[in-house]
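A short reminder: the numbers here are calculations on the coordinates, not readings from a lab. Since we're looking at a predicted model, the values are computed, not measured. Glycine also receives a Cβ, built like all others from the backbone with ideal geometry; neighbour counts cover every protein chain displayed.
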Amino acid sequence: MASRKKPVQEQAINGIVGIGLDQKNDDQEKRVTQSDHFLLVGGSEETHERMQDTAIRFDERLREKGKRLQDTCLDEVRDMLRDSMR
């Protein structure tokens, strides 16, 4: 009797977390930004702003493609993130 393999369950990406680790000890700011697809936490003012810019560009690219994040494959999300960081 042939064994039946279970179908591979597709995994959906529900959100992206960005963490900035370069915040100085004397910087008392708590930087948190949340959008439809991103949660950005920490970092220096410059780093957090860069993460925000990346999130905005990523959201624009996703909208241009007419896709939802949950319907986008991991490879495409990774490529779009790389492009958005430039």
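A few comments on the model shown:
- Per-residue Cβ neighbour rank within 10 angstrom, fewest leading, Lys24, Lys67: Lys24, Lys67
- Electrostatic tally near Asp83: other residues with Cβ closer than 12 Å to its Cβ, Lys and Arg +1, Asp and Glu -1, net +2.
- For a straight C-alpha distance cut-off of 16 angstrom, the aspartates and glutamates reachable from Lys67 (same-chain residues fewer than eight places away being disregarded) are Asp36, Asp59, Asp75, Glu76, Asp79.
- In plain terms, the residue of Arg82, Arg4 with the fewest other Cβ atoms within 10 Å comes first and the most crowded comes last, giving Arg4, Arg82.
- Between the exposed loop cleavage positions of the chain, defined as GluC sites (Glu not before Pro) in a non-H, G, I, E, B DSSP state with at most 12 neighbouring beta-carbon atoms within 10 angstrom, the longest gap is 30-86.
- Rounded to 10°, Cα long-axis angle of helix 45-65 versus longest principal axis of the chain: 40
- Distance in nm between pseudo-label sites at Arg4 and Arg82 (7 Å out along the Cβ direction from Cα): 3.9
- On Cα atoms only, tilt of 74-84 relative to the major axis of the chain in degrees: 30
- Paramagnetic reach from Glu60 in the range 37-53 [backbone N under 20 Å; point 7 Å along Cα→Cβ]: 37-40, 46-53
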